[in-house]
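Notes follow the structure.
The values are calculated or read from the model by the stated rules, or taken from the named source; none is laboratory data. From a predicted model like this one, the values you see are computed outputs, not experimental measurements. We place every Cβ from the backbone using ideal geometry, glycine too, and count neighbours over all the protein chains shown.
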Amino acid sequence: RQGIGEPSVYHAVVVIFLEFFAWGLLTTPMLTVLHQTFPQHTFLMNGLIHGVKGLLSFLSAPLIGALSDVWGRKSFLLLTVFFTCAPIPLMKISPWWYFAVISMSGVFAVTFSVIFAYVADITQEHERSTAYGLVSATFAASLVTSPAIGAYLSQAYGDTLVVVLASGVALLDIGFILLAVPESLPEEMRPVSWGAPISWEQADPFASLRKVGQDSTVLLICITVFLSYLPEAGQYSSFFLYLRQVIGFSSETVAAFIGVVGILSILAQTVVLGILMRSIGNKNTILLGLGFQILQLAWYGFGSQPWMMWAAGAVAAMSSITFPAISAMVSRNTDPDQQGVVQGMITGIRGLCNGLGPALYGFVFYLFHVELNEMAEVETLGKASKPNMANPTDESSIIPGPPFLFGACSVLLSLLVALFIPEHNLALRSGSHKKHSAGAQAHPHSPPAGGSDGKEPLLEDSSV
């Protein structure tokens, strides 16, 4: 085997850390370049760029996953990391090409999909959730440290050094994959020829979404995920720009904000989540997380003072418990042979939100005329207490962040849907026997799943 040692979770962790560390370094330079390239309608263009990237990733992720199932993970890790990091050096060479390549890189910007498949190859089922948690925590840790480092170096030595350093980290990641990462897919599972056929069913990005309606509980969970993650995806694409340009945060303050909220989020997803799951149960933990998210988004929407952003950031850390709690509920109530199917549906929903959310936020900012003044004015205001709006007399002075209020309404709908998710899917337990027994339909006490014939439930109660 090429690489160092046997395949391990630590190989995956290093790949993820280096990739997102490189991008985290660019937080401050990217905000500057974005405003300089699109001085008009900055938020709209930012949303469209991230929206195109997210939709392309959603469409391509199943195909790349299917190809890696046949041809191996290492080559596709190399491909995804290379194309994800390819725009970095273009930031200083040609900003227009930089944003164009970012949009198109969405076709291959699916490193997480390949990494999770890599981890699945080398872990037993009972240890897989822990391994996934380690990978996700590494992603969070890389973003805790790198924006602050990038902001300091940008102020002290200029943006060019930061871009060069980020490019070097990306090259280090590519070199690590080439030299140190061993192939995780067993040799016997790979065909002799690289021309092995891939079925459309494997590569269809909408295949998992079409299965959602087969189970009422899965449908409720997927609607909850869609309505709650759509504003989160939009917020992630534009919030740092919003803090810098509209609220008047300096680049160092933005980096400090990311670090503090990141550390609090890690604590919330590890310590607090475990306590809540044991004390109030799975479903109530989801509802609590959605409640925190509504409060956070409303606070962002009406907040115009820097201290309000810090307070809302602490609430945002608590809202990060929602998705792990949903994943745990799905895992506990799903047949072992259906885990991948159901988790794949939720991942597909999140991928769709990664494309729609940024575009929605950018469009709402545009509708409400939330525009930016010149960069120099932002630096001069620095500690200003009022939002930096282009049209201070219109509704944007009353509601500084309209998309966040739209997001709060979306999450409120998500919470109402989540109320109807059963804590334990007792009604579907008999469907499990239907799946494993050819004569199950002959049993008079076996009710139809989901109210229609031929549709097997994906979830069952595993607590009995």
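Quick notes on this one:
- Screening Phe43 with (1) closer than 19 Å to Ala109 by Cβ; (2) assigned to a helix (DSSP H, G or I) gives one miss only, at (1).
- Within the set Gln235, Gln202, Gln269, the sole residue that is at pLDDT below 75 and assigned to a helix (DSSP H, G or I) turns out to be Gln202.
- Inside segment 1-29, residues that are under 19 Å from the mean Cα position of the chain (by Cα) and either part of a helix (DSSP H, G or I) or among the polar types (S, T, N, Q) (or both) make up a count of 15.
- Exactly one residue out of Ile221, Ile247 is hydrophobic (A, V, I, L, M, F, W, C), at pLDDT 85 or above and buried (at least 16 other Cβ atoms within 10 Å of the Cβ), and it is Ile221.
- Lys92 being in a helix (DSSP H, G or I), modelled with pLDDT of 85 or more and within 15 Å of the chain's Cα centre (by Cα): no
- Qualifying residue in segment 273-289 (condition: outside the structural domain of Gly47 (by the TED database), crowded, with 21+ Cβ neighbours inside 10 Å, part of a helix (DSSP H, G or I) and of a type in the set (Gly, Ala, Ser)): yes
- Selection count, segment 1-25, where residues are among the aliphatic types (A, V, I, L, M), surrounded by 24 or more Cβ atoms within 10 Å (Cβ to Cβ) and under 17 Å from Gly168 (Cβ atoms): 3
- Yes/no for Ala298 being modelled with pLDDT of 85 or more, closer than 28 Å to Cys222 by Cα and part of a helix (DSSP H, G or I): yes
- Options Val135, Val81: the member that is within 30 Å of Ala328 (Cα to Cα) and either at pLDDT 85 or above or not in a helix (DSSP H, G or I) (or both): Val81
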